[in-house]
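These notes concern the structure reproduced below.
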Amino acid sequence: MEDSIEVILQDHSAKYLHRYPDNHALAAGSGALLAGCYGLWAMFVLPGFRRVPLRLKVPYLPSSVEQTANVMKLLQGRQGALADLGSGDGRLVLAACSQGFRCTGFEVNPVLLAYSRARARWSGVPAGHARFVNQDFWKTDLSGYSNVTAFLAPGVMQALEEKLLAELPDDGRVVACRFPFPRWTPSHTEGSGLDQVWAYDVIAVRKPRPQNPAA
Ligand SMILES: C[S@@+](CC[C@H](N)C(=O)[O-])C[C@H]1O[C@@H](n2cnc3c(N)ncnc32)[C@H](O)[C@@H]1O
Ligand SMILES: *[C@@H]1O[C@H](CO)[C@@H](O)[C@H](O)[C@H]1NC(C)=O
């Protein structure tokens with residue numbers, strides 16, 4: 001899994017970023033092109049994927065070590081239950097479990113589900129602390145979660161804003177990886193480039209801005 005095509009794609013993007021430090025458009029363009037080709041491939045090949053509507057499809061790309069560390073920084077001090085929307089090979093869930101969370105990973109790709117369940121067993125996570133469910137998170141009520149991580153795709157972040165605003169409790173915190181929410185103001189951010197992550201506190205993004213702060 002570690003040498004899988006996703007990692008190779010990610011390495012490619014990272015290399016371009018490094019080689020052309022001043023040309024982010026080129027880096028973003030080539031990254032998007034690679035991700036796009038892979039997305040097209042994944043869309044037709046992966047079985048669980050076919051159930052998700054076209055406009056909400058998100059390809060599998062694993063978090064880097066750096067990105068995972070950034071997510072954990074923004075979750076520091078929090079505990080309890082955590083949901084990872086699109087858990088992939090389970091790496092974010094396992095990292096959060098090692099920080100004391102009880103995690104649920106939502107994943108529609110059965111290969112990744114099987115792999116992440118096996119991985120949880122090998123790594124000795126306490127029983128019941130890492131749960132991977134074969135569920136489309138768009139069709140899942142997330143109101144029971146107040147700690148949420150999402151590493152998805154730029155095109156779905158606005159739809160996700162709406163869903164999370166409607167469902168999460170006021171004390172919720174959402175950590176978005178690589179792709180920020182388009183309309184929310186983050187309360188914190190960690191890292192830069194491909195590894196950047198943003199934390200959003202639901203209470204802050206839900207509160208309407210005061211019309212006249214001086215009054
Ligand atoms: C970019 S990957 C992130 C994987 C993992 N969270 C990580 O950080 O390494 C997104 C994952 O979301 C899954 N996914 C996409 N749409 C989904 C949906 N509607 N319900 C559940 N999982 C979904 C994909 O199969 C993919 O594995
Ligand atoms: C999420 O984290 C907060 C802060 O640590 C905690 O109080 C809450 O119980 C957690 N949410 C759930 C559903 O466990």
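Taking label points 7 Å from Cα along the Cα-to-Cβ direction, Leu33 and Asp170 give a separation of 5.0 nm. In this structure, the pairs whose alpha-carbon distance is over 22 Å, taken from Lys73/Lys163; Lys73/Lys139; Lys73/Lys207; Lys57/Lys163, are Lys73/Lys163; Lys73/Lys139; Lys73/Lys207.
Peptides 67-76, 82-91 ordered by packing proxy, namely the average of other Cβ atoms within 10 Å per residue, highest first: 82-91, 67-76.
The peptide list 183-189, 102-108, put in order of mean Cβ contacts within 10 Å with the highest first, becomes 102-108, 183-189. Using a simple spin-label model with pseudo-atoms 7 Å out from Cα toward Cβ, Arg117 and Ser192 lie 4.3 nm apart.
Computed from the coordinates by the stated procedures, all read-outs in this text should not be read as laboratory data. Note that the coordinates shown come from a computational prediction; the quantities given were computed from them, not determined experimentally. Cβ coordinates were reconstructed from backbone atoms using ideal geometry, including for glycine residues, and neighbour counts include every protein chain displayed.
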